[in-house]
1. Enumerate the calculated ³J(HN,Hα) couplings along the range 152-169 in order (Karplus 6.51 cos²θ - 1.76 cosθ + 1.60, θ = phi - 60°), each rounded to whole Hz, writing x wherever the residue is Gly or Pro.
2. If you take the beta carbon distance between residue 41 and residue 213 as r and set R0 to 30 Å, what does 1/(1 + (r/R0)^6) give as a FRET efficiency, to the nearest 0.05?
3. Using a Förster radius of 30 Å, what is the FRET efficiency between residue 176 and residue 28 based on their Cβ-Cβ separation? Nearest 0.05, please.
4. Which ³J(HN,Hα) values in Hz, rounded to whole numbers, follow from the phi angles of the range 55-64 under the Karplus curve 6.51 cos²θ - 1.76 cosθ + 1.60, where θ = phi - 60° and Gly and Pro get x?
5. Which whole number in µm²/s is D for the range 32-115 by Stokes-Einstein, with the Kirkwood Rh taken over Cα pairs at 25 °C and 0.890 mPa s?
6. Using DSSP to define loop residues, name the GluC sites (Glu not before Pro) in the range 147-238 whose beta-carbon has at most 10 other beta-carbon atoms within 10 Å.
7. About the Cα centre, and with charges only on the beta carbon of Lys, Arg (+1) and Asp, Glu (-1), how big is the dipole of the chain? Nearest 20 debye, please.
8. For a quick check: with amide H placed at 1.01 Å from N, whose amide H comes under 5 Å from residue 195's, ignoring anything fewer than 5 positions away on the same chain?
Amino acid sequence: MRRLAAGSPTLPVLDAAVSVCRACPRLVSWREQVAVEKRRSFADQPYWGRPIPGWGDDHAAVLVVGLAPAAHGGNRTGRIFTGDRSGDWLFAALHRAGLAVQPTSTAADDGQRLVRTRMLAAVRCAPPANAPTPAERDTCAPWADAEVAMLLPHLRAAVALGAFAWQSLLGTLGRLGLEVPRPRPRFGHAAVVELGDLLVIGSFHPSQQNTFTGRLTEPMLDQVMDLAATRAGAGPTL
Ligand code: SF4
């Protein structure tokens, strides 16, 4: 799997390779079980039930990193943050910042398009209770390392949604040779780390746990996305 990830010459080849990965037995079992059992409200829909590749602009200036696909969101639609409540918040904010052409993302063929932006999950298969193990995080890291390596020449801002994504992203950037400070900077909402041309920005994850409780508000998410868009030189012209 490491060889496949590191040896993929382009993002489409990498996307195809990751789509058939079966390196984590627990996650393979869970993603496929969910895809067969389904949620009742989606019973008439086919589920993707496989790893979710990165998605968006191959020459992105902004990268958005999430934790892992939702069981009935990305694991159903096959596109990261598509078809779940976290995605509703995320895509609305991306649209307001000029980084997505539509404010919603409901299905892989819904016409949504990211503007100079790409997104990926630190762990590419839906985990039980949205909680991958450290071993699963480490097993999946070569996919992110390979993807970010290809994006890095154009990247100017990277938004980590939540502490898990923050740690994963800084780990990837360190392995790719960027001088990540030691000890690693602490995660927080709107925390920033300058790594040469790249600005890493932390954001609370737009999970219902955060949005329902008011821990993350729309203005707070807008603050982060506007910072990323400004850094990337991406304006609100779609
Ligand atoms: S989580 Fe990552 S490494 Fe594990 S099976 Fe899915 S794609 Fe492969």
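The values are calculated or read from the model by the stated rules, or taken from the named source; none is laboratory data. These figures come from a predicted structure and were not determined experimentally. Cβ atoms come from the backbone with ideal geometry, glycine included; neighbour counts cover every protein chain shown. These accessible areas exclude ligands, DNA and RNA; they are computed on the full protein's heavy atoms, side chains included. Shrake-Rupley method; radii C 1.70, N 1.55, O 1.52, S 1.80 Å.
1. Whole-Hz 3J(HN,Hα) from phi for the range 152-169: 3, x, 9, 6, 10, 8, 9, 9, 9, 8, x, 5, 4, 5, 4, 5, 5, 5.
2. Values: r = 24 Å, r/R0 = 0.80.
Plugging the Cβ-Cβ distance into 1/(1 + (r/R0)^6) gives 0.80.
3. Numbers: r = 27 Å, r/R0 = 0.91.
Computed FRET efficiency for residue 176 and residue 28 comes out at 0.65.
4. For the range 55-64, the Karplus curve yields 8, x, 6, 5, 10, 5, 9, 10, 10, 10 Hz.
5. Rounded, D is 187 µm²/s.
6. On the way: sites: 147, 179, 194; in loops: 179.
Here the sparse-neighbourhood loop sites are 179.
7. Numbers: 25 positive and 20 negative charges, 105 e Å.
That gives the chain a dipole magnitude of about 500 debye.
8. Amide H neighbours of residue 195: 200.
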